[in-house]
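Below you'll find the structure, written out as structure tokens, and then a few comments.
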Amino acid sequence: IDTGLPGFRYWPGALDAEAQARLLTMVLAATEQAPFYRPVTPGGRPFSVEMTNLGPLGWVSDRGSYRYQATHPVTGARWPPMPPQLIGLWAALTGWPDPPEACLVNLYRETARMGLHQDRDEADLTAPVLSISLGDAAMFRIGPAEGGRTTRLRLASGDVCALTGPARLARHGIDRILPGSSGLVPGGGRLNLTLRRATAAS
Ligand code: MD3
Ligand code: FE
């Protein structure tokens, strides 16, 4: 696929069915400690996506700001640990010298979506972002940081993409979920795991 965005790397089917199932089991187990919740934007609008995090830091949004913090905003507990498998995948696919600090877990039930945005809450915007899709497929949209033409891409269960270098500030979003396209997620829908550095290099 050519998005015309240097630095956008895409590995369709990077995770086989067994790897997807193992990852899903691990993430769902972690959500017993860190349940999905529905954040609101600083403007007070609820997200249609439900979220939780794994790792030393997690991305949160509330009336105050978008930011990274060490604790779950509802339970007050620290986020569950970053699974070693995810640290390994990050190292293998991005080659970044420092491990990921945050794994944002986005849960899209069938009508959830995410508007076009840039990810710029991280201290080091040269560090890559790695995204893993599980469950129902989604129509993903990505375009240049400056705005203009976007490319649509169907992201399916087991697909992985990395945003590096010039693509790091790309505009991107999820237009819609394709309900029933995968039976992986109990209750239906899509899980996206987004691995990031939150702080500047260690
Ligand atoms: C980073 N999530 O949580 S992840 C988000 O599928 C987010 O849940 C989407 O955007 C999801 O912020 C997409 C992958 C992604 C795609 C393009 C990017 C992350 C990106 C472009 C630049 C930076
Ligand atoms: Fe994003």
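The values are calculated or read from the model by the stated rules, or taken from the named source; none is laboratory data. Just so you know, these numbers come straight off a predicted model, no measurement behind them. Here Cβ is always computed from backbone atoms with ideal geometry, including for glycine, and neighbour counts include all displayed protein chains.
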How many residues of the range 150-176 are without any contact (Cβ under 8 Å) to a residue 60 or more places away in the chain and over 15 Å from the mean Cα position of the chain (by Cα)? The answer is 3
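Kindly check whether there is at least one residue in the range 9-29 that is of a type outside the set (D, E, K, R) and farther than 28 Å from Leu153 by Cα. It would help to see each step written out before you state the result.
Going through the range 9-29, the residues of a type outside the set (D, E, K, R) turn out to be 10-15, 17, 19-21, 23-29.
Now drop any that are not farther than 28 Å from Leu153 by Cα, which leaves 29.
Checked against the condition, which is being of a type outside the set (D, E, K, R) and farther than 28 Å from Leu153 by Cα, the range 9-29 yields at least one hit.
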Which one is surrounded by the fewest Cβ atoms within 10 Å (Cβ to Cβ), of the residues in the range 1-49 that are among the β-branched types (Val, Ile, Thr) and closer than 15 Å to Ser131 by Cβ?
-> Ile1
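I'd like to verify a number: residues in the range 163-190 that are assigned to a strand (DSSP E or B) and within 9 Å of ligand 1 (Cβ to nearest atom), how many? Don't jump to the end; show me each part of the working.
Looking only at the range 163-190, we keep the residues that are assigned to a strand (DSSP E or B), and these are 163, 171-177, 190.
Now restrict to residues that are within 9 Å of ligand 1 (Cβ to nearest atom): 163, 171-174, 190.
So the count comes out to 6.
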Filter the range 191-202 down to the residues that are within 11 Å of ligand 1 (Cβ to nearest atom) and not basic (Lys, Arg), then identify the one that is surrounded by the most Cβ atoms within 10 Å (Cβ to Cβ).
-> Leu195
Show the residue pairs that are 6+ apart or on different chains and have beta-carbon atoms under 9 Å apart, the first residue being within the range 48-66 and within 21 Å of Arg109 (Cβ to Cβ), the second being modelled with pLDDT under 95.
-> none
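Listed here are the residues, each with its yes/no results for (1) touching a residue at least 60 places away in the same chain (Cβ under 8 Å); (2) within 15 Å of ligand 1 (Cβ to nearest atom); (3) over 13 Å from the mean Cα position of the chain (by Cα).
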{"site": "Gln85", "(1), (2), (3)": "yes, no, yes"}
{"site": "Gly88", "(1), (2), (3)": "no, no, yes"}
{"site": "Leu93", "(1), (2), (3)": "yes, yes, yes"}
{"site": "Trp96", "(1), (2), (3)": "yes, yes, yes"}
{"site": "Cys103", "(1), (2), (3)": "yes, yes, no"}
{"site": "Leu107", "(1), (2), (3)": "yes, yes, no"}
{"site": "Glu110", "(1), (2), (3)": "yes, yes, yes"}
{"site": "Leu116", "(1), (2), (3)": "no, yes, yes"}
{"site": "Asp119", "(1), (2), (3)": "yes, yes, no"}
Filter result for Arg9 (of a type in the set (Lys, Arg), farther than 23 Å from Ala162 by Cα, out of contact with any Leu (no Cβ under 6 Å at 6 or more places or on another chain) and in contact (Cβ under 8 Å) with a residue 12 or more places away in the chain) | no
The listed residue being away from ligand 2 (no atom under 16 Å from the Cβ), free of Cβ contacts under 8 Å to residues at least 40 places away in the same chain and not hydroxyl-bearing (Ser, Thr, Tyr), out of Gly183, Gly187 = Gly183
